[in-house]
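Here's the structure, in structure tokens; my notes come after.
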Amino acid sequence: MQQLAIREKFLSFFKARGHTPVPSSSLLPNDPSVLFTTAGMQQFKPYYTGEADAQKDFQSLNTASVQTCVRTSDIDEVGDERHLTFFEMLGNFSFGGYFKKEAITWAHEFVTKEMGLTIDYVTVFAGEPSVPRDTESAEIWKSLDPSIEIRECGRADNFWGPTGDEGPCGPTTEIYVGGIEIWNVVFNQYFQKKDKTLEPLATPGIDTGMGLERLALVSQKVPTVFETDLFTEIMATIPSDIDERVRRVIADHARTSAFLIMDGVRPSNKDQGYVLRRLLRRMIAREHQLQRSDVSVLATIRAVISQYVSLYPRMQEAEIIEVCSQEREKFLRTLAQGLRELEKISDLTPEGAFKLYESFGLPYEVMKEAGGERAQHLTREAFDAQFKAHQEKSRAGAEKKFGGHGLLLDTGELKAADERELGIVVRLHTATHLLQAALRKVLGPEVHQAGSDITVERTRFDFTFPRKMTDAEIRDVESLVNKAIADDLPVSKVTLSREDAEKTGALHFFKMKYPAHVDVYTVGEGDAPDASGGAGWFSKEFCGGPHVQRTSEIKGIKIAKEEAVSAGVRRIRAVLVD
């Protein structure tokens with residue numbers, strides 16, 4: 001069965017069984033403890049914990065989706081028959097609508113009847129002192145097919161932990177077809193806290209994930225995922241006489257890069273941007289080493305865009321190719337020089353490798369491959385340790401001067417590695433406050449913050465709103481923010497009791513538990529909000545800072561993109577304009 005038919009069949013199957021189809025969320029999650037969206041359930045985490053109301057948002061307690069996902073733990077394994085950095089996850093979810101019996105019954109029906117596949121065996125949780133053996137799932141499987149083989153496995157195989165530092169989790173049952181695991185059905189019965197302890201969820205839920213690539217593999221009866229129709233046109237852009245592992249690396253990385261750029265990631269030396277740069281430069285380095293006119297990374301990326309643009313209209317070729325071309329030109333300028341420096345080194349140490357990376361942008365993979373015996377003692381772990389040590393050194397220096405404000409490299413709303421970046425994200429942070437205030441002025445008080453993430457490249461602001469903004473509305477919001485910046489408004493802070501702070505009209509997350517005393521940041525002056533461009537404050541919010549002292553320090557902003565995140569939630573990305 002072709003991949004387009006599989007997508008449609010899956011969503012139609014669960015829609016007929018009371019599930020609301022929900023669009024894929026961004027690859028950049030709201031959860032600051034993870035870099036990327038790695039599973040379909042991530043956009044639904046608040047519904048499992050009761051922080052959000054699925055019935056209100058989806059008109060159902062059950063949803064289904066085809067979610068784009070990126071997992072970076074297997075980057076070095078890409079090139080074999082199954083490892084990928086980008087994939088799409090088919091999933092059905094329930095937030096109190098049903099539990100084990102329905103989830104297992106529908107999974108069995110979809111695999112065996114809708115897809116016409118034979119289940120090799122299934123696995124269930126064997127149990128441990130803190131979580132009992134899952135006899136109920138085994139009994140349900142036996143009632144559906146008395147001849148089915150059921151294997152019991154431990155926590156490593158059949159207990160799904162939370163996505164990020166904490167969250168919903170529980171035992172699982174997995175379905176194996178053609179010798180591979182294609183579907184993982186998670187029974188979210190617990191909430192795992194940061195200290196790894198478990199507490200029962202008030203309302204157990206269902207979270208399932210089935211890789212589209214793997215399902216296409218077994219249904220199309222081909223040896224590897226790279227021979228499914230998900231890769232046919234993409235692989236066709238890479239000559240077949242090139243080493244197969246290299247072909248697969250280029251094809252995989254091209255898909256991942258295109259989707260990351262679509263979702264607003266840009267090449268940089270940290271966080272998501274570092275992953276994108278690493279993927280692009282791995283492809284470009286191989287293109288450079290091959291020195292063949294019929295090998296073009298850009299041609300492969302264009303094939304990715306052509307394949308997916310009908311499913312993901314936000315995938316715009318001009319934008320993606322421009323980002324890739326700029327990174328390619330930048331990297332090629334230093335690649336040759338870096339390789340010449342590598343030739344001078346007899347034994348490549350982790351310190352030497354990081355110096356080559358820092359000076360010439362040479363990826364670890366290029367140094368490892370081009371270095372040959374001279375790089376035989378270099379490992380990914382040692383190289384990454386050097387990279388982390390460099391980040392910590394930069395962070396420590398900035399903390400010494402700024403007291404740690406905003407220096408959260410991997411967690412929290414702000415991310416900055418050094419003093420220069422800190423100055424940029426502080427400007428963006430205040431601009432984000434202005435952005436929320438402007439959105440409420442243009443769209444109305446129904447707009448509330450649903451999450452934000454600020455890096456040196458941009459601010460990302462999620463807000464509640466039921467529809468796409470018009471071009472005129474986007475222009476009005478941008479103009480209001482830039483007027484507030486041009487007006488050189490003061491930014492002030494007061495510390496108040498939580499109750500008194502709420503009385504001021506300051507915006508805040510209504511579901512968040514705040515301490516007894518909070519900081520309130522105000523942009524502008526006066527005792528009342530400015531609703532008409534006259535005197536009064538422009539923005540007032542609960543916030544931990546830091547911020548600029550006057551809005552003129554921001555200089556200006558440009559709204560780069562407005563898009564959907566999930567039902568009833570929109571996302572804006574904005575950049576500074578100097």
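The values are calculated or read from the model by the stated rules, or taken from the named source; none is laboratory data. All values reported here derive from a predicted model rather than from experimental measurement. All Cβ positions, glycine included, derive from the backbone under ideal geometry; neighbour counts span all protein chains shown. Quick note on the areas: whole protein, heavy atoms, side chains included, nothing else; ligands and nucleic acids left out. Shrake-Rupley method; radii C 1.70, N 1.55, O 1.52, S 1.80 Å.
Descriptive notes on the structure:
- Under the Karplus curve 6.51 cos²θ - 1.76 cosθ + 1.60, θ = phi - 60°, whole-Hz ³J(HN,Hα) for segment 198-209, x wherever Gly or Pro sits: 10, 9, x, 6, 4, 10, x, x, 10, 9, 10, x
- Apportionment of accessible area to carbon and sulfur, the chain, percent (1.4 Å): 51 percent
- Set of aspartates and glutamates near K503 by C-alpha distance (under 14 Å), chain-local residues within fewer than 8 positions excluded: D519, D527, E541
- Low-density loop positions, GluC sites (Glu not before Pro), segment 132-180 - DSSP coil, at most 14 other Cβ in 10 Å: E149
- Based on protein heavy atoms only, the chain ends up with 43 Å² per residue of surface accessible to a 1.4 Å probe.
- Cross-link pairs K441/K468; K493/K555; K45/K558; K15/K101; K113/K221; K45/K196 - those with Cα-Cα distance over 23 Å: K45/K558
- Across the chain, C-alpha contacts under 8 Å between residues 6 or more apart give a mean separation that, scaled by the residue count, equals a relative contact order of 10 percent.
- For segment 258-275, putting each phi into the Karplus relation 6.51 cos²θ - 1.76 cosθ + 1.60 with θ = phi - 60° gives couplings of 4, 6, 5, 5, 4, 8, x, 6, 10, x, 7, 9, 8, 6, 4, x, 5, 4 Hz, in residue order, rounded to whole numbers and with x for Gly and Pro.
- Label of the coordinate-derived value, Cα extents along the principal axes in Å, listed as [x] 102, 58, 54; [y] 75, 63, 47; [z] 195, 115, 54: [y]
- When the chain is described by a simple charge dipole with +1 on each Lys and Arg Cβ and -1 on each Asp and Glu Cβ, the residue from Y98, A416, S306 located farthest towards its positive end is A416.
- FRET efficiency estimate (nearest 0.05) - Cβ-Cβ, E77 to A16, R0 35 angstrom: 0.40
- Trypsin sites (Lys or Arg not before Pro) within segment 102-189: DSSP coil, no more than 16 neighbouring Cβ in 10 Å: R133
- Segment 544-578: trypsin sites (Lys or Arg not before Pro) in DSSP coil with no more than 16 other Cβ atoms inside 10 Å: K555
- Farthest positive-ward along the chain dipole, Cα basis, beta-carbon charges - from T551, F226, L342: T551
- Spin-label pair T470-S296: with each label point 7 Å from Cα along the Cα-Cβ axis, the two points sit 4.1 nm from one another.
- For K493 and R314, the difference between the fully extended length at 0.36 nm per residue and the C-alpha to C-alpha distance is 60.5 nm.
- Förster radius 45 Å - calculated FRET efficiency between D241 and H517, Cβ distance, rounded to 0.05: 0.05
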